[in-house]
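Q: Just dropping this structure here.
The values are calculated or read from the model by the stated rules, or taken from the named source; none is laboratory data. Given the structure is predicted, the values throughout are model-derived calculations rather than measurements. Glycine gets a Cβ as well: all are built from the backbone with ideal geometry, and neighbour counts include every protein chain shown. Quick note on the areas: whole protein, heavy atoms, side chains included, nothing else; ligands and nucleic acids left out. Shrake-Rupley method; radii C 1.70, N 1.55, O 1.52, S 1.80 Å.
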Amino acid sequence: MNLYQQRIARLQQAMREVGLSAAVFAPTDNMRYLTGWAEPGHERLIALFVPAQGDPAFVLTSLNVEQARHNPAGIADVRAWYDATGWQETVRQLLAERGIEGVIAVDDEMQSVHLLGLQQISPQARYTAAGDLMASLRQVKTEEELDTLARSAAVTDAVYAECLPLLREGMTERELQEGVALAYKKRGTAPAFAIVCFGPNSALPHHHTGDARLKRGDIVILDIGCVVDGYYSDITRTLAFGEPEAEATRVYEIVYQAHRAAFDAVRPGQTCEAVDRAARAVIEAAGYGPQFIHRTGHGIGLSGHEPPSIVEGNATPLQKTMCFSVEPGIYLPGRFGIRIENIVTVTEAGARYLNADPPATLPVVG
Ligand code: ZN
Ligand code: ZN
């Protein structure tokens, strides 16, 4: 069995344990995880049906049939549907042949029109989100996946280091973003995202990089990542361009301590929410609790955001080789924001960074 066949076998085992009759996947990272193949999704149905027993099957638009036939999982049952007739009859036949009924798990990211169509074909079945099922498989990484994530992280670390000297008074956020893109291109990849924030824009965690110009005393946030061999990287670095206001230096130290507190809380068996609490306790004690407006982190792998979510209410215990971001932040609207993000993996001994260590004090450049 190759890697993908093993993953499908593990999925089927997990499905039988919870009494699912089948799972159906859209062309998402789940499909890529299970088969090594996926296309960008669109209104034409591309679906992978995995029954709890027996062989999986693709049902897809005639446009992608040839590509799907070469899927690395070696799935031989590839059924085309045509624009003139639609996909419903092909799916109806497949469900009948395989005796798929009962509870069907559905890809979290399947388009609602496709799910609604499926429900019309098989109204007596019960439908449930496949998210938890897939998380149980995908959030625990293999050595090979860890290796790829580390290579992806190393590329992003190198891009950050290369872009630091590009900072010039008067340059725009977009110009620095172009520098980031070029640095990725030199390394054979491209930014999956590159958020560049100057001055007060740093107080917006999802700022849209624009035409703001760099001024002395500005706080600068770079939140960048890429995909290497299918796996994401994601770091945030905060620095000051010239001497910043005193509070920024102090806030950086608080965020760094929160980051380290979360890092130190990581160990197998610890819950995700305990890691979030560890970071949050430091920021709350310093009086900035209401300014930490998001979770402490998110899982990472084939998707940029995936389980486990490091958030209050998630009692999932950490397991060895899980990978996630630790990214506490404090945001003072209209003034500045500070966020420090690294990717960690869980080892027997606790957390280990996949990235270079973040600076312990606010770096001042320029
Ligand atoms: Zn990020
Ligand atoms: Zn992140």
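Q: In the chain, what percent of the accessible surface is made up of carbon and sulfur (1.4 Å probe, ligands and nucleic acids excluded)?
A: Details: 8050 of 15550 Å².
The value for the chain is 52 percent carbon and sulfur by accessible area.
Q: Another one. Show me, for the range 63-76, the HN-Hα J-couplings you get by feeding each phi into the Karplus relation (A = 6.51, B = -1.76, C = 1.60, θ = phi - 60°), rounded to Hz, glycine and proline as x.
A: Once rounded to whole Hz, the list reads 5, 10, 4, 4, 5, 5, 4, 9, 4, x, 7, x, 5, 8.
Q: Among Ser21, Val346, Gly230, whose Cα projects farthest towards the positive end of the dipole of the chain, with charges put on the beta-carbon of Lys, Arg (+1) and Asp, Glu (-1)?
A: The residue sitting farthest along the positive end of the dipole is Val346.
Q: Next question. For the chain, what is the accessible area per residue in Å² when the probe is 1.4 Å? Mind dumping the intermediate values first?
A: Numbers: 15550 Å² over 366 residues.
Ligands and nucleic acids excluded, the result is 42 Å² per residue.
Q: Something else now. If r is the Cβ-Cβ distance from Gln5 to Glu169 and R0 is 51 Å, what FRET efficiency results, to the nearest 0.05?
A: Numbers: r = 57 Å, r/R0 = 1.11.
Computed FRET efficiency for Gln5 and Glu169: 0.35.
Q: Shifting gears a bit: Working from Cα positions, state the angle (0 to 90°, nearest 10) between the long axis of helix 173-186 and the longest principal axis of the chain.
A: 60
Q: Now for a different question. If I take R0 = 25 Å and measure r between the Cβ atoms of Gln88 and Val18 in this structure, what FRET efficiency does the formula 1/(1 + (r/R0)^6) give, to the nearest 0.05? Before the final figure, lay out the partial values.
A: Values: r = 28 Å, r/R0 = 1.11.
For Gln88 and Val18, the calculated efficiency is 0.35.
Q: Another question about this same structure. Sort Leu182, Leu167 from largest to smallest accessible area, using a 1.4 Å probe on the heavy atoms of the protein chains.
A: Working: Leu182 110, Leu167 15 Å².
Descending accessible area places them as Leu182, Leu167.
Q: Give me the dipole magnitude in Debye, nearest 20, for the chain about the Cα centre, with unit charges on the beta carbon: positive for Lys and Arg, negative for Asp and Glu.
A: On the way: 32 positive and 44 negative charges, 34 e Å.
About 160 debye.
Q: For Thr361 and Ala285 in one chain, what is 0.36 nm times their gap in residues minus the Cα-Cα distance, to one decimal in nm? Spell out each step's value before the answer.
A: On the way: separation 76, 0.36 × 76 = 27.36 nm, distance 1.90 nm.
So the chain would gain 25.5 nm between Thr361 and Ala285.
Q: Residue-wise, which Karplus ³J(HN,Hα) couplings in Hz belong to the range 326-336, taking 6.51 cos²θ - 1.76 cosθ + 1.60, θ = phi - 60°, and x for glycine or proline?
A: 10, 9, x, x, 10, 10, 10, x, x, 10, 6
Q: Which lysines, if any, have their Cα less than 30 Å from the Cα of Lys185, not counting same-chain residues under 8 positions apart?
A: Output for Lys185: Lys141, Lys215.
Q: Among DSSP beta bridges whose residues both lie in the chain, state the antiparallel percentage, nearest 5. Working shown, then result.
A: Values: 43 of 56 bridges.
Expressed as a percentage, antiparallel bridges in the chain total about 75.
Q: While we're on this one: To the nearest 20 debye, what is the magnitude of the charge dipole of the range 157-215 about its Cα centre, counting +1 on the Cβ of each Lys and Arg and -1 on the Cβ of each Asp and Glu? Spell out each step's value before the answer.
A: On the way: 7 positive and 7 negative charges, 18 e Å.
Charge dipole, the range 157-215, about its Cα centre: 80 debye, nearest 20.
Q: Moving on. Where does the chain land at 222 nm, in deg cm²/dmol rounded to the nearest 500, when only DSSP H runs of n ≥ 4 count, each adding -39500 (n - 2.57), divided by all residues? Don't skip to the end; give the middle numbers.
A: On the way: 10 runs with 126 residues, N = 366.
Helices in the chain give a 222 nm mean residue ellipticity of -11000 deg cm²/dmol.
Q: Could you work out the Kirkwood radius for the chain, taking every pair of different alpha carbons, averaging 1/r and inverting it, reported in Å?
A: Values: mean 1/r = 0.0451 Å⁻¹.
After inverting the pairwise mean of 1/r, the radius is 22.2 Å.
Q: So what is the relative contact order for the chain, in percent, with contacts set as C-alpha pairs under 8 Å and at least six apart?
A: Details: 802 pairs, mean separation 50.3, N = 366.
14 percent.
Q: Which ³J(HN,Hα) values, rounded to whole Hz and listed in residue order, are derived for the range 107-112 from phi using the Karplus coefficients 6.51, -1.76 and 1.60 in 6.51 cos²θ - 1.76 cosθ + 1.60 with θ = phi - 60°, glycine and proline given as x?
A: Ordered by residue, 3J(HN,Hα) equals 3, 3, 9, 5, 4, 4 Hz.
Q: Against the longest alpha carbon principal axis of the chain, how many degrees, from 0 to 90 and to the nearest 10, is the axis of helix 246-265 turned?
A: The answer is roughly 40 degrees.
Q: Would you please put 308-315, 156-163 in order of how densely packed they are, using the mean number of other Cβ atoms within 10 angstrom per residue and starting with the highest?
A: On the way: 308-315: 17.0, 156-163: 19.8.
Per-residue Cβ counts within 10 Å, averaged per peptide and sorted highest first, yield 156-163, 308-315.
Q: Where in the range 140-167 does the label zone of Asp229 land, with the point 7 angstrom along Cα→C-beta and an amide N cut-off under 14 Å?
A: 142-155
Q: Which order do peptides 355-362, 33-40 fall in by mean Cβ count within 10 Å, highest first?
A: Numbers: 355-362: 14.9, 33-40: 19.6.
Highest-to-lowest ranking by the protection proxy: 33-40, 355-362.
Q: What FRET efficiency would be calculated for the residue pair Arg187, Gln124, taking the C-beta separation as r and a Förster radius of 51 Å, to the nearest 0.05? If you can, show how the numbers build up before the last one.
A: On the way: r = 53 Å, r/R0 = 1.03.
The calculated FRET efficiency here is 0.45.
Q: Could I ask something else about it? Toward the positive end of the charge dipole of the range 273-342, about the Cα centre and with charges on Cβ (Lys, Arg +1; Asp, Glu -1), which of Val311, Ala278, Cys323 goes farthest?
A: Highest projection toward the positive end goes to Ala278.
Q: How would you order 316-324, 211-219, 242-250 from highest to lowest mean count of nearby Cβ atoms within 10 Å? Display every interim value, and only then the final one.
A: Details: 316-324: 19.2, 211-219: 16.7, 242-250: 14.7.
By packing density, highest mean first, the sequence is 316-324, 211-219, 242-250.
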